[in-house]
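To start, the structure under review is shown below, and the notes come after it.
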Amino acid sequence: MLASIDFSAPAHEVARQLIGVTLLIDGVGGTIVETEAYDQTDPASHTYTGQTARNGAMFGPPGHAYVYRSYGLHWCFNTVCREAGHGAGVLLRAIEPTQGIETMRERRGLHELRLLCAGPGRLAQALGIDARLNAQPLALPPFELLARDAAAPVEVVTGPRIGISKAVDVPWRFGLKGSRFLSRGFVAAP
C-alpha cells in the first residue's frame, strides 16, 4: 500500500512521518530509519538565503525530490515539504536495506549490510540517486513510498542534526529507535 505522507506539512512533521516508511527507487531500497528536517527560517537550511539555481527544487511543489551534491562529492536526497514557494525539505539520512540488496552492494562496492545506506551519501549511491531525479514527483516512478507496517509500532527518537555549523541544537533529526542502520546513534537526554 502506498504511504500517505502529507508533504504540505512542516518539514519536522514530515521527517517524523517518514520514519518506518519504505522508499524504493526502481525497486531498490528499504525502510527509512533516519531523517533531518530543514526550513527556510532555519539558518542551517540551503533555502535560508533564498532561492538559487542549486536549491530551486526545494521551493517547488511538495512531494517532489530535491537532489544536490554535498561538498562536490556525494549526492544527497531530500523530499520537498510545505507549499510551493516555501523552501523546506527532509534529508533522508539512512535506510535499512530490504530490496535490491545485491544491486546496492554492487553500486557501493561494499558487502556489509549495515553500512550500505547509513548516511546520506551512502544512501544516494546505493539507490542510484543523482541529478536526474532532482525536482521529480515522488508519487511517480521510479519512486515508490510504501506505508509502514500497521502491525509493527514505530518508536521515533529525536536529537540534534549532524554535520552542520548553524542551528546545531535544533532537535530536527529523527530516527527509528533501536535501529542498527542509523548513520550515527542518538545520545540519550540527560
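The values are calculated or read from the model by the stated rules, or taken from the named source; none is laboratory data. Here the structure is a predicted model, which is why all the values come from computation and not from measurement. Here the Cβ is made from the backbone with ideal geometry for all residues, glycine too, and neighbour counts use every protein chain on show.
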Residue pairs meeting the criteria (Cβ under 7 Å; at least 6 apart or on separate chains; first closer than 22 Å to A44 by Cβ and of a type in the set (K, R), in region 83-104; second surrounded by 24 or more Cβ atoms within 10 Å (Cβ to Cβ) and at pLDDT 95 or above): R93/E34; R93/T35; R93/E36; R93/P120
Of those in region 123-181 that are in contact with a helix residue (DSSP H, G or I) (Cβ under 7 Å, 6 or more places away or on another chain) and in a strand (DSSP E or B), the residue nearest to V90 (Cα to Cα) is F174
Quick one: in region 26-56, of everything that is among the polar types (S, T, N, Q) and in a strand (DSSP E or B), which residue is nearest to T158 (Cα to Cα)? T35
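Each row is one residue, and each column tells you yes or no for (1) among the β-branched types (V, I, T); (2) touching a strand residue (DSSP E or B) at 6+ places or on another chain (Cβ under 9 Å); (3) surrounded by fewer than 20 Cβ atoms within 10 Å (Cβ to Cβ); (4) in a strand (DSSP E or B).
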| residue | (1), (2), (3), (4) |
| --- | --- |
| P61 | no, yes, yes, no |
| W75 | no, yes, no, yes |
| R82 | no, yes, no, no |
| H86 | no, yes, yes, no |
| E106 | no, no, yes, no |
Any hit, region 89-96, residues being basic (K, R), closer than 20 Å to T22 by Cα and either more than 16 Å from the chain's Cα centre (by Cα) or in a helix (DSSP H, G or I) (or both): no
Subset of region 108-156 [touching a strand residue (DSSP E or B) at 6+ places or on another chain (Cβ under 8 Å) and on the phi > 0 side of the Ramachandran plot]: G119, G128, A135
Could you check how many residues of region 135-171 are closer than 22 Å to T22 by Cβ and in contact (Cβ under 8 Å) with a residue 12 or more places away in the chain? 19
For R69: the one exception among (1) under 16 Å from the mean Cα position of the chain (by Cα); (2) surrounded by fewer than 16 Cβ atoms within 10 Å (Cβ to Cβ); (3) closer than 29 Å to G178 by Cβ: (3)
Take S179 and decide whether it is among the polar types (S, T, N, Q) and in contact with a strand residue (DSSP E or B) (Cβ under 6 Å, 6 or more places away or on another chain). yes
Tell me, yes or no, whether region 29-43 has at least one residue that is modelled with pLDDT under 95, out of contact with any helix residue (DSSP H, G or I) (no Cβ under 8 Å at 6 or more places or on another chain) and surrounded by fewer than 20 Cβ atoms within 10 Å (Cβ to Cβ). yes
Within the bounds of region 112-120, is there any residue that is over 22 Å from G20 (Cβ atoms), surrounded by fewer than 21 Cβ atoms within 10 Å (Cβ to Cβ) and either in contact with a Leu (Cβ under 9 Å, 6 or more places away or on another chain) or free of Cβ contacts under 8 Å to residues at least 40 places away in the same chain (or both)? yes
Restricting to region 1-54, count the residues that are of a type in the set (V, I, T) and touching an Asp or Glu at 6+ places or on another chain (Cβ under 6 Å). 2
